[in-house]
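K.L.:
Dumping the structure here so I can ask a few things about it.
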Amino acid sequence: MKLSSLKSKKGTPKVKIDSIADSILGLIREKDSSLFEHNIRVGDLASALAEALGMDEKTVFLTKIAGKMHDIGKLSVPESVLYKRGSYVDVEMDIMKRHSVLGARYLAVAFGIPSAHADGYIDGLIARCREGNKEMPGSRDMIVSGVLFHHEKIDGSGYPSGLKGAKIPLMATILCLADYYIAMREKRAYRDGYDNSTVLELVTSNRNRLFNTPVVDKLCEFIRADRRYKLDASVEGKTRDAQRFFLGRAGNISLSGMYIKTGRITGVGQELVINFAADGSIVDIPAIVSRIDKDGIGVKFIHENGTKVFFENFIMNNYGECDGKHLVHSLFEEAAIYE
Ligand SMILES: [Fe+2]
Ligand SMILES: [Fe+2]
């Protein structure tokens, strides 16, 4: 990848950035499906936030790419640290904190910086921001700096550089907040995911301390308006027909129905709508509760007029809503409905 092709305004660059990002995402998916899902969610939310903040189309696109790859550096963190249950001792925390620099360096090379010059390139991005020159000239610089600074906090307590407030590139502040929101919603080996309102409270209480205030306000507004994020059930399963399409924790879904882990009680025979969400679109599938057990409920899809609904290549998220009407939401990368 040549810098000129990334800098060019039209045509192929977007495709090339996409294809490089896809290759990298394939690597993440192969190594760690949970990390892959996390990155996809952060890319999805961060780009939606960028758009809601009025950023231009190119920046929204680059924010999505950076979000989808923001934790690539974690693949270089030793598994004993990355998958440790419980809190880190200082040395482990230092190792973990290196993931943003490692990820930025990896991407710099993937986007055409010679390996021998990558450290100098990263140092240059840091120096540039320290001097208050956070506007990045090219697409590559925007993506790499987004990943590099996605753990910077506006009070200067973040890493790797302790940049403060206005010195942090806006894309990085958006990624930081989207990452925080998504990470808190997600289940971890050592804790459950937090519900939507708890995370929004945490976000709001750190407004103007850790996170940029206008970005926090936009996040709260966006999340409150988008039912996809008001979710807290999870979906699991293993039906043979559908299993091959699933990643991570998803499963227990077939062409006729699915199982949904939820603590919220509903009644057998109750009709509901299951919302499968993809980039920019939501597919509502009517269903009926067919059984209840201690962990959740089984539902059968209602196929109207004999229409069959199939899903391909989608990623289930691990939170869902069960308010009797809108029950569960899942993110899928490339939604497809086919015969
Ligand atoms: Fe991270
Ligand atoms: Fe992350």
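The values are calculated or read from the model by the stated rules, or taken from the named source; none is laboratory data. These figures come from a predicted structure and were not determined experimentally. Note that we place each Cβ from the backbone using ideal geometry, even for glycine, and neighbour counts take in every protein chain shown.
K.L.:
Tell me the residue from 58, 9, 14 that is assigned to a helix (DSSP H, G or I), modelled with pLDDT under 85 and over 27 Å from residue 192 (Cβ atoms), please. Give the derivation first.
P.N.:
On the way: 58 fails: modelled with pLDDT under 85; 9 fails: assigned to a helix (DSSP H, G or I).
Answer to the selection: 14.
K.L.:
Just checking, does segment 86-104 include any residue being in contact with a strand residue (DSSP E or B) (Cβ under 6 Å, 6 or more places away or on another chain), closer than 22 Å to residue 62 by Cα and assigned to a helix (DSSP H, G or I)?
P.N.:
Keep residues of segment 86-104 that are in contact with a strand residue (DSSP E or B) (Cβ under 6 Å, 6 or more places away or on another chain), which gives 97, 100.
This time we only want the ones that are closer than 22 Å to residue 62 by Cα, so: 100.
Filter again for assigned to a helix (DSSP H, G or I), leaving 100.
Yes; the residues of segment 86-104 include at least one that is in contact with a strand residue (DSSP E or B) (Cβ under 6 Å, 6 or more places away or on another chain), closer than 22 Å to residue 62 by Cα and assigned to a helix (DSSP H, G or I).
K.L.:
Let me ask something else. Away from ligand 2 (no atom under 15 Å from the Cβ), in contact with a helix residue (DSSP H, G or I) (Cβ under 7 Å, 6 or more places away or on another chain) and modelled with pLDDT under 95, is that true of residue 133? If you could, list the steps in order and put the result at the bottom.
P.N.:
On the way: away from ligand 2 (no atom under 15 Å from the Cβ): yes; in contact with a helix residue (DSSP H, G or I) (Cβ under 7 Å, 6 or more places away or on another chain): no; modelled with pLDDT under 95: yes.
Judged against the criteria, residue 133 is not a match.
K.L.:
Give segment 44-81 a look and list any residue that's within 13 Å of ligand 1 (Cβ to nearest atom) and within 14 Å of the chain's Cα centre (by Cα), or say none.
P.N.:
46, 66, 67, 68, 69, 70, 71, 72
K.L.:
On to the next question. Just the residues that are within 14 Å of ligand 1 (Cβ to nearest atom), surrounded by fewer than 19 Cβ atoms within 10 Å (Cβ to Cβ) and modelled with pLDDT of 85 or more, please, taken from segment 29-43.
P.N.:
35
K.L.:
Oh, and also: From the set of residues in segment 56-81 that are in contact (Cβ under 8 Å) with a residue 40 or more places away in the chain and hydrophobic (A, V, I, L, M, F, W, C), which is farthest from residue 104 (Cα to Cα)?
P.N.:
Across segment 56-81, the extreme among qualifying residues is 61.
K.L.:
Also: For segment 98-131, which residues satisfy the criterion of being surrounded by fewer than 14 Cβ atoms within 10 Å (Cβ to Cβ) and closer than 14 Å to residue 160 by Cα?
P.N.:
Scanning segment 98-131 gives 119, 123, 124, 127.
K.L.:
What single numbered condition from (1) over 17 Å from residue 74 (Cα atoms); (2) modelled with pLDDT of 95 or more fails to hold for residue 146?
P.N.:
Status for residue 146: all satisfied but (1).
K.L.:
Return a yes/no flag: does segment 82-97 have any residue that is buried (at least 16 other Cβ atoms within 10 Å of the Cβ), in the same structural domain as residue 181 (by TED's automatic domain parsing) and more than 16 Å from ligand 1 (Cβ to nearest atom).
P.N.:
No, segment 82-97 has no match at all.
K.L.:
Kindly list the number of the only condition in (1) without any contact (Cβ under 8 Å) to a residue 12 or more places away in the chain; (2) at positive phi that fails for residue 120.
P.N.:
All conditions pass for residue 120, except number (2).
K.L.:
OK, next. Test of understanding: among 119, 71, which residue is assigned by TED's automatic domain parsing to the domain that holds residue 170, charged (D, E, K, R) and within 14 Å of ligand 2 (Cβ to nearest atom)? Step through it out loud before you land on a result.
P.N.:
Working: 119 fails: within 14 Å of ligand 2 (Cβ to nearest atom).
When all the criteria are applied, what remains is 71.
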